[in-house]
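Okay, so here's the structure we're looking at.
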Amino acid sequence: MRDKPAGTIRIAAADYAIKHVLWPKLREFLPQYPDIKVELVLDNGLTDIVAERYDAGVRMGEHLAKDMISTRIGPDFCLAVVGAPSYFAAHPTPTHPKDLVGHTCINFRLPSFGGLYAWEFEENGRELKIRVEGQLIFNNIFNSLDATLDGFGIAYIPEEIILPYVANGRLVRVLQEWSPYWVGYHLYYPSRRQSSPAFVALVEALRHRA
């Protein structure tokens, strides 16, 4: 008989969620439970975790399926419009989200829908979506970051990722007052997963504590 929870847990999550939400907690959790294996599968779409046989998935609060149980694992966050100093040296600084239409922007493709993400802002309490154009399209947020750092355009990237680069002068943030905060990431799963001691231990370790 094992004296600690054991088993393999498969989780589908976006690249940002894996690096900035899951991993900081998993690196504390895993040494305490050597018999638990965690498989993290990169998924920037809205995969059906039941059909794909995942034990859980990670989504923003507003994208949760109604028939799933969920646990909040991350704080609210916002996206930031950023560009390299070299880019803004050659282009005017946008002062309104609509100004982005005239800029070279780095697009992000949403796998579940096949389309490009329309950048979402808020103006006087109302949603404002801007469809941008540029030479580059990625489906990985960290590739977008690299291209932005290299001066290939403006990108819309989670705030937590870009703050160190803004602090050291490698990126310039614009339009901050237009960027709304979104409900943070949640771990979601079907009810049958509640019975696993390994899964219960993992959920408790990932739970967000304000």
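The values are calculated or read from the model by the stated rules, or taken from the named source; none is laboratory data. All of these numbers come straight from a predicted model, not from anything done at the bench. A quick note on method: Cβ atoms are made from the backbone with ideal geometry, for glycine too, and the neighbour counts reach across all protein chains shown. Please note that ligands, DNA and RNA were not included when accessible areas were found on the heavy atoms of the full protein model with its side chains. Shrake-Rupley method; radii C 1.70, N 1.55, O 1.52, S 1.80 Å.
Counting only heavy atoms of the protein chains and using a 1.4 Å probe, Ile18 has close to 40 Å² of accessible surface. Between Leu149, Leu187, Leu26, where does the largest GNM mean-square fluctuation fall for the chain, given springs only between Cα atoms within less than 10 Å? Largest GNM mean-square fluctuation: Leu26. When the surface is traced with a 1.4 Å probe over the full set of protein chains, Thr95 keeps roughly 100 Å² accessible.
If you keep only loop residues by DSSP, which trypsin sites (Lys or Arg not before Pro) in region 101-188 have at most 12 other Cβ atoms within 10 Å of their Cβ? Let's see the in-between values first.
Details: sites: Arg109, Arg126, Lys129, Arg131, Arg170, Arg173; in loops: Arg131, Arg170.
Answer by residue number: there is no such site.
Accessible surface ranking for Val58, Val101, Val166, 1.4 angstrom probe, highest first: Val101, Val166, Val58.
Suppose R0 equals 22 Å; then what is the FRET efficiency for Glu123 and Glu160 from their Cβ-Cβ distance, rounded to the nearest 0.05? Plugging the Cβ-Cβ distance into 1/(1 + (r/R0)^6) gives 0.40.
Beta bridges assigned by DSSP with both partners in the chain are antiparallel in approximately 65 percent of cases. With Cα atoms as the point set, the chain shows a radius of gyration and Dmax of 19.0, 67 Å.
Solvent-accessible surface of region 43-176, taken per residue with a 1.4 Å probe and all protein chains present: 51 Å².
When a 1.4 Å probe is rolled over the protein heavy atoms, the share of accessible surface on region 79-145 that falls to carbon and sulfur comes to 50 percent.
Per DSSP H run of n ≥ 4, the term is -39500 (n - 2.57); total these for the chain, divide by its residue number, and report the mean residue ellipticity at 222 nm rounded to 500 deg cm²/dmol. Numbers along the way, then the final one.
Working: 5 runs with 41 residues, N = 210.
Only helices count here, giving -5500 deg cm²/dmol.
Taking all Cα pairs closer than 8 Å and separated by 6 or more residues, the relative contact order of the chain comes to 32 percent.
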